[in-house]
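One structure is given here, and the rest of the page talks about it.
The values are calculated or read from the model by the stated rules, or taken from the named source; none is laboratory data. Nothing here was measured: the structure is a model prediction, and the numbers come from that model. Here Cβ is always computed from backbone atoms with ideal geometry, including for glycine, and neighbour counts include all displayed protein chains.
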Amino acid sequence: MRVVIAGAGAVGTFLAEDLSANGHEVLLIEKSAAAVPQLADELKIQLVVADACEVDVLQDAALDRADVVIAATGDDEDNLVISLLSKQEFAVPRVIARVNHPKNHWLFNETWGVDIAVSTPHLISALVEEAVSVGAVVRLMQFESAGARLIEVTLAERSPAAGSTIEYIGLPRGAAIVAVVRDGHIIVPRPDIQLRAGDEVVLLVTDDAEEHVRRLLVVG
């Protein structure tokens, strides 16, 4: 997989090293020339000194051959511009953007070419909710271009789904159970698996299906 990362800060360099170590082809773009000499010595990946907000730079980086673009700079405006250019000008299949300031999170959607927006405060908030919320829907991740999201529900004792098999629940077409976590172990969600109170059910749902799923799994 070919991955282009814009921004060679702590986030960008970590991602570049990790993805490269896992066998992916990685190109890192950084506009600050002062940081590049040291990075070039430390990283064993291709590094380009340029402004990723410029179309010509992205053209030279062969963004049309990229499978994934990660806009990971420390500036939300730059990340939005990079995302929009990646999607509209180069039709990159997946664009992931870093959200630096939570108040800007609403901007990071398909209108700006963002498939997945990653906001650290929102992720931490979701993890806190996931740890303490029983019988409630917790949104874990949004996939803007698909109009879908990853959610998690910890089944309460009186959940309508507790004691029923996955097949019997009757999930709508826009929802699918991705995994069931029980006693710290992941269970493959086969149709004959019976759900229990305390199970953490992870689902991929469309916008239209979420409310239906809530009625099926959450106590009214």
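Please determine, by comparing only the residues of segment 136-164 that are surrounded by fewer than 16 Cβ atoms within 10 Å (Cβ to Cβ) and under 18 Å from Asp183 (Cβ atoms), which one is modelled with the lowest pLDDT. Checking each candidate, the answer is Glu157. With respect to the stated conditions, Leu19 fails to be part of a strand (DSSP E or B) and not aromatic (Phe, Trp, Tyr).
Considering every residue within segment 57-66, establish whether at least one is on the phi < 0 side of the Ramachandran plot, of a type in the set (Val, Ile, Thr) and free of Cβ contacts under 8 Å to residues at least 40 places away in the same chain. Yes - at least one qualifying residue is present in segment 57-66.
When segment 169-220 is limited to residues that are part of a strand (DSSP E or B) and over 17 Å from Ile151 (Cα atoms), the one that is modelled with the highest pLDDT turns out to be Gln194.
Could you tell me whether Glu42 is at pLDDT below 95, within 23 Å of the chain's Cα centre (by Cα) and surrounded by fewer than 19 Cβ atoms within 10 Å (Cβ to Cβ)? So Glu42 does not fit the description; no. On inspection, Leu47 qualifies as touching a strand residue (DSSP E or B) at 6+ places or on another chain (Cβ under 6 Å), modelled with pLDDT under 95 and surrounded by 16 or more Cβ atoms within 10 Å (Cβ to Cβ). Check segment 112-134 and report whether any residue there is part of a helix (DSSP H, G or I) and modelled with pLDDT of 85 or more. Looking for residues that are part of a helix (DSSP H, G or I) and modelled with pLDDT of 85 or more, one finds at least one in segment 112-134, hence yes. In segment 14-32, the residues that are assigned by TED's automatic domain parsing to the domain that holds Lys44 reach residues that are part of a loop (DSSP other than H, G, I, E, B) and surrounded by fewer than 19 Cβ atoms within 10 Å (Cβ to Cβ) with C-beta atoms within less than 6 angstrom, at least six apart or across chains, in these pairs: His24/Met1; Ile29/Ala50; Lys31/Asp51.
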